[in-house]
Amino acid sequence: MLYLEVAVASPIVESLTYLPPEPCPVELRPGLRLLVPLGPRLLTGYLLAMGDSPPSGDYTLRPVADILDPEPLFPAGMIPFFRWLAKYYQYPIGEIIRAALPGGLNCQSGRRVLLTEAGRSCRLKLAESDLAAGDWRAVLLERGALSIAATRKLWRRRADSNLLRRWQGEGLVEIRLEVCRDQVRDKRELCVRALSHQQTTVSLKPSERKTMELVEEQTAAAERPWVSRRDLNRVYAGAGRVLSALRDKGLLAMEERLIYRTPFGERPPFYAKPDCLSSEQQKVMAELSPALQAGSFRTYLLHGVTGSGKTEIYLRAAEEALRLGRDVLVLVPEIALAAQIEGNFLARFGERIALLHSGLSAGERLDQWKRVAAGAAHVVIGARSALFAPLSNLGLIVVDEEHDGAYKQEDGFCYQGRDAAIMRAKMAGAVVVLGSATPSVISYNHARNGKYGLLRMPSRVADRQLPAVDIIDLRGVKTTSGRPPMFTNQLIRALRENLKSGGQSLIFLNRRGYANMMLCPECGYILQCDNCQVSLTLHRKEQQLICHYCGSRRKSAALCPKCQAVDLLEVGFGTERVEAELQGIMPQARIARLDRDTALDRRQYIKVLREVQQGGIDILVGTQMIAKGHHFPGVNLVGVIWADASLSLPDYRAAERTFQLLTQVFGRAGRGERPGRVLVQTHHPEHYSILNSRDNDYEAMFNSELVMRRALQYPPFSRLINLRFSGEREDKVRQAVTLMAEAVKPYCRKGLAMLGPAPSPLARLRGRYRWQLLLKGEAGTLHAASAFLQQRARKAGFPGGVKMTVDVDPENML
């Protein structure tokens, strides 16, 4: 008897055992996606292992309901990695695998409500308490069927929830269990291929001859024997009308083929491969090449200043890994940075590249995944989730901007992409390169202690100098309105002089939108999000107030909702307002903006990057999206509107992050022939993070942080787990977190420190109240305490729909 170990895509922590289906349509292999019964439902499961030993205990085993794919979606070598993730981050393994796979690949059954023939034809007799019954029948008539979840969302009164039960008893509706199949599927298109080149013996019309010529041109250009009918019609609108005639004449064959949807549209800008490496780059490659050739696990921290040529190191290391027959994974913290890396890697490696990130459509992501799984792509570039790419022979992992907090997933499966990448490399016997001009304190501490190899590149390529940095003290500087100025006179003067001399400028502010809040001058009311305890941001171009946490929108208000006063004040500023003010100050300048609002369209984003590269933009305004990774040779002036935004956050990493962000944005200046200059506006000119970033003194910042963290026992001198509790009723959330705080107290006698319980800094988010319990201590005690609390929560549950999220090694304390 064969027994199957299956990870079910559900909150169940452990894997389950099933029997093979009878008959079994395909060869069973680890990595296959299955449809399995769990209670009355059918859910997606993932085959982890097979064996002939039955599970211990008295169980009635059930067979697998269906095998969903003919081939495994991930290699068997990734299963130990998934097991480690489940254990370390304390999350169900089936949910981890579901999160790792492309979206839309989740089959499950659900109960659906359908009107019977009697329900469709009868005339309802409505009682006073059933006034909504006619509405429900109308909805069912219109949609045909509703899921139980959909009916729950629509119900507004208790009387409504009794309707289904009563209607089912009267035979007006039936509740049926149905399987919902994949939401994204393979794409197939009608394709054509030439069968004969002896066209002279066959009489052809001009349109037929032109179509045959196009088929041959297109197939030759694509280096494959077929071309899709859609592509032919794009080039020649008349092609589709004559294909059947050409097939009947024996010149063409037509067949439906599987088509890969490609995310590669307009190519991002890239730089040419240098003839030779700098001396520092040569030293780094002299370390990396033998490590890659050895084929064993090793982690290196590449600490190179901005403009030192780290990207070229990534490219040369990838070339070496590919030469050795190994696969390459390149991680970037944000989708925006993927385009910059993508351009350079595409120029070197062509079609061996695959992209994996959330900016792709569901179909593109599925096809890129399948290309990798089939061995058609050997270099994967993407954001955090690309970590799970099904590369079967991994030899190199690059984590660019390794310090960036975006590598940490903040909800659900709260994994750290950088740390998980190191573990995946360890299991694969691969080399890891963590690159940054401003490494995280934890990574640099590991490098100083010998856990990581430390590679340094302290100089820019071509002996270019780092920019000169001037700090502008905003204390006491006021405008006629009494508020601090957006642009000081020094910054305006520098921008004008730089424009006059033909230079490009970059203006940085890590806030998007036009105004941070709308304030009533009469009663002091601040317009807030209905779902979150935060103010709404004004986006003037869209004439909307937007919550930057939950995404809710409303029209810009003309009156105060509380006292009906007019002329609400627009308080604060974001990148949209900075752009508008600059256009008023310097109308002759060509100004563009890059932030999350303007970069949603990939083509527009790449267009702006190319225009900056080619000198078509004089001033680029943006958020942290423009602060990292970009190479703009023409930018020689950087202005920081307000350097203090991240210093005030309630987070022990606030100073480190401020240093990192400022140093990164400073590094955009002076990367070409002209020397760079930076002007920084701040209310805290003496803060060590700002002074150290001015001096590009990473060691000084690192040492200051170590002193503070040692005194408070924060990482790297301890480990953290943040337990977040959320629910729609604050009293129930407080009750749940208090119970867990009492339960964990025995572990406090074993060296565990407990901070809280307390409301989260963002006390209400997306309609849910939030409290947290921060645990601090050694890894073993910490994980044991957290596992104990989760087990207790699973057994007893929480009142009022309260949810507990376990965040191991938290990055964000908000």
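Residue-by-condition table, conditions (1) outside the structural domain of PRO30 (by TED's automatic domain parsing); (2) within 22 Å of LEU600 (Cβ to Cβ); (3) surrounded by 23 or more Cβ atoms within 10 Å (Cβ to Cβ):
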| site | (1), (2), (3) |
| --- | --- |
| GLN340 | yes, yes, no |
| ARG348 | yes, no, no |
| ARG352 | yes, no, no |
| ALA362 | yes, yes, no |
| LEU366 | yes, yes, yes |
| ALA373 | yes, no, no |
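Selection within the stretch 516-538: residues that are outside any loop (DSSP other than H, G, I, E, B) and under 26 Å from the mean Cα position of the chain (by Cα). The member of this set that is farthest from ASN636 (Cα to Cα) is SER535. The sole residue among ARG677, ARG657 that is buried (at least 17 other Cβ atoms within 10 Å of the Cβ) and over 30 Å from LYS803 (Cβ atoms) is ARG677. Consider the stretch 221-269 and keep the residues that are of a type in the set (S, T, N, Q) and not in a helix (DSSP H, G or I). The one that is modelled with the lowest pLDDT is THR262.
This table checks each residue for (1) out of contact with any Pro (no Cβ under 6 Å at 6 or more places or on another chain); (2) within 19 Å of ALA100 (Cβ to Cβ); (3) of a type in the set (Phe, Trp, Tyr); (4) part of a strand (DSSP E or B).
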| residue | (1), (2), (3), (4) |
| --- | --- |
| THR17 | no, no, no, yes |
| PRO30 | yes, yes, no, no |
| PRO37 | yes, no, no, yes |
| MET50 | yes, no, no, yes |
| TYR59 | yes, no, yes, no |
| PRO70 | yes, no, no, no |
| PRO80 | yes, yes, no, no |
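Scanning the stretch 686-701 for residues being part of a loop (DSSP other than H, G, I, E, B), surrounded by 17 or more Cβ atoms within 10 Å (Cβ to Cβ) and more than 31 Å from the chain's Cα centre (by Cα) gives a total of 1.
Looking at GLY751, GLY756, can you tell me which residue is closer than 22 Å to GLY801 by Cβ, modelled with pLDDT under 90 and not assigned by TED's automatic domain parsing to the domain that holds TYR89? Every option except GLY756 fails the conditions.
At least 2 residues that are at pLDDT below 90 and touching a helix residue (DSSP H, G or I) at 6+ places or on another chain (Cβ under 9 Å) in each: list the strands (runs of 3 or more DSSP E) lying fully within the stretch 274-375 that qualify. Don't jump to the end; show me each part of the working.
On the way: elements: 298-304, 327-331, 353-356.
Because the criterion is at least 2 residues that are at pLDDT below 90 and touching a helix residue (DSSP H, G or I) at 6+ places or on another chain (Cβ under 9 Å), the strands (runs of 3 or more DSSP E) in the stretch 274-375 that meet it are 353-356.
For the structure I just gave you, tell me whether SER704 is crowded, with 24+ Cβ neighbours inside 10 Å and small (Gly, Ala, Ser).
Working: crowded, with 24+ Cβ neighbours inside 10 Å: no; small (Gly, Ala, Ser): yes.
No.
How many residues does the stretch 717-732 contain that are over 14 Å from GLN790 (Cβ atoms) and touching an Asp or Glu at 6+ places or on another chain (Cβ under 9 Å)? Here the count works out to 3. With respect to the conditions (1) more than 31 Å from the chain's Cα centre (by Cα); (2) farther than 30 Å from GLY363 by Cβ, PRO37 lacks only one, and its number is (2).
Are any residues in the stretch 784-799 of a type outside the set (A, V, I, L, M), touching a residue at least 60 places away in the same chain (Cβ under 8 Å) and in a helix (DSSP H, G or I), and if so, which ones? If you could, list the steps in order and put the result at the bottom.
First, pick out the residues of the stretch 784-799 that are of a type outside the set (A, V, I, L, M): 786, 788, 790-792, 794-795, 797-799.
Then keep just the ones that are touching a residue at least 60 places away in the same chain (Cβ under 8 Å); that gives 786, 790, 794, 798-799.
Correct list: SER786, GLN790, ARG794, PRO799.
The values are calculated or read from the model by the stated rules, or taken from the named source; none is laboratory data. Everything numeric in this text was worked out from a predicted model, so none of it was measured. Ideal geometry is used to build each Cβ from the backbone, glycine not excepted, and the neighbour counts take in all protein chains shown.
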